[in-house]
Amino acid sequence: MGMPSFRLDGKVALVTGAGSGIGAGIAQGLAAFGAAVGCVDISAAGLDATVQAITTAGGRAIALPADVRDEAQMEAAVASIEAAFGRLNAALNCAGVHDNAPALEMSRAQWQRVLDTNLSGVFVSSQAEGRAMLRNGGGSIVNIGSISAHICNRGLPQVHYNAAKAGVAHLSRSLALEWAQQGVRVNVISPGYTATPMARKPEVWEMVKHLVNDIPMGRMCEVDELVGPAVFLLSDASSYCTGIDLVVDGGAIRW
Ligand SMILES: NC(=O)c1ccc[n+]([C@@H]2O[C@H](COP(=O)([O-])OP(=O)(O)OC[C@H]3O[C@@H](n4cnc5c(N)ncnc54)[C@H](O)[C@@H]3O)[C@@H](O)[C@H]2O)c1
C-alpha cells in the first residue's frame, strides 16, 4: 500500500480572496506545500502583498485582480493561470464580505451584496474552475463556508450572511455529486471565529470577544490553523473525500 501524499507538488491552485485574512494565509500555505498559486482578489493592493510573501519564500504565484461576481473575469483568471502554469487542478474559494443589520432594517441592496459575493461568487468561481478541471482530467475545489451555515451566531444579526453560507454548503454538495465520476472533488471548510480583518470590525469584534467564552477550546482560530485542512482537501491524501464539510471551530458548534 502506498502512503498518501499531503504534498501539493504538481498542483496549480486558484485562491479567491487571496488579498487578505484567511485567503492570504491559505495561499501562502499552499505555496509552501509545493503548489503554484494564482491569487485572485478584487483588491489589487492585498494581492501584491500575498504574491510578494510567496515569492520571497521561494514559492510560485501570480496576482490576478478579479471580481468573483463576474463570469468573464473569473474565466480570464483561470485562462491566465493555465497560461502561466500549464493547468488548473486545485481551487479554494474564499472571497467574501460581511456586515450586520436586523432583518427588518436590512435593505434589498444590503441583502443582495452579500448573496452576490458569498454565494453567487462561489458558484461563478466553481463554474470557471470546474470547467477547466473537467477539461483537464480532474481536480479538487474547496469552498470556504462558515459555522454560520450550521448555527445562527448569537448576537450577530446577519440573515443574509447565514443564508449565503448555508447555500455554499449545499451548492458544494450538489457540485460534488454532479462531478464525482469525472474526477473533480468539491468540499467545504467551515471556519469558526477567525482573527482576520473581517472578524476585527468593531461591531463584530465586541460580540466575538464575548462569544469566545462559548468555544470549548477557549480561543479564536488563527489563520494558520486553516492551512492544514485546506492542504488535506486539495491534496491526494483526501482522494476519497467529496461533498464533505470540514468544520474547523475549536468545538464551537458542539455546545
Ligand atoms: N473571519 C472569520 O471569522 C470567518 C469565519 C468563517 C468564515 N469566514 C469566511 O472566510 C472568508 C474570508 O474571510 P476573512 O475573514 O479572511 O475576510 P477578509 O475581509 O480578511 O478577506 C476577504 C477578502 O475577499 C475579497 N473580496 C471581497 N469581495 C470580493 C469580490 N467580489 N471578488 C474578489 N474578492 C473579493 C476582499 O477584498 C478580501 O481580500 C469569507 O468567505 C468569510 O465569510 C470568515
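Every number here is computed from the coordinates shown, using simple stated rules; none is lab data. Please read all numbers here as calculations on a predicted model, not as lab measurements. Using ideal geometry, Cβ is built from the backbone for each residue, glycine included, and neighbour counts are taken over all protein chains shown.
Computed quantities for the displayed model
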| item | result |
| --- | --- |
| Whichever residue in region 77-119 is among the basic types (Lys, Arg) and part of a helix (DSSP H, G or I) and, among such residues, is nearest to Arg7 (Cα to Cα) | Arg113 |
| Checking Arg135 against (1) touching a residue at least 60 places away in the same chain (Cβ under 8 Å); (2) farther than 25 Å from Val248 by Cβ, the condition it does not meet | (1) |
| Gly137, sole failed condition from (1) outside any strand (DSSP E or B); (2) surrounded by 16 or more Cβ atoms within 10 Å (Cβ to Cβ); (3) more than 12 Å from the ligand (Cβ to nearest atom) | (2) |
| Residues located in region 89-112, provided they are under 16 Å from the mean Cα position of the chain (by Cα), surrounded by 17 or more Cβ atoms within 10 Å (Cβ to Cβ) and of a type in the set (A, V, I, L, M) | Ala90, Ala91, Leu92, Ala95 |
| Residue match in region 171-181 (condition: within 25 Å of Ala24 (Cα to Cα), more than 12 Å from the ligand (Cβ to nearest atom) and in contact with a Phe, Trp or Tyr (Cβ under 8 Å, 6 or more places away or on another chain)) | yes |
| Subset of region 1-32 (residues that are surrounded by 21 or more Cβ atoms within 10 Å (Cβ to Cβ) and either more than 10 Å from the ligand (Cβ to nearest atom) or among the aromatic types (Phe, Trp, Tyr) (or both)) | Leu8, Lys11, Val12, Ala13, Leu14, Val15, Ala27, Gln28, Gly29, Leu30, Ala31 |
| Out of Pro197, Pro157, sole residue that is within 11 Å of the ligand (Cβ to nearest atom), in contact (Cβ under 8 Å) with a residue 12 or more places away in the chain, in a loop (DSSP other than H, G, I, E, B) and within 27 Å of Asp99 (Cβ to Cβ) | Pro197 |
| Count of residues meeting criterion [of a type outside the set (Val, Ile, Thr), under 14 Å from the mean Cα position of the chain (by Cα) and more than 9 Å from the ligand (Cβ to nearest atom)] in region 200-231 | 5 |
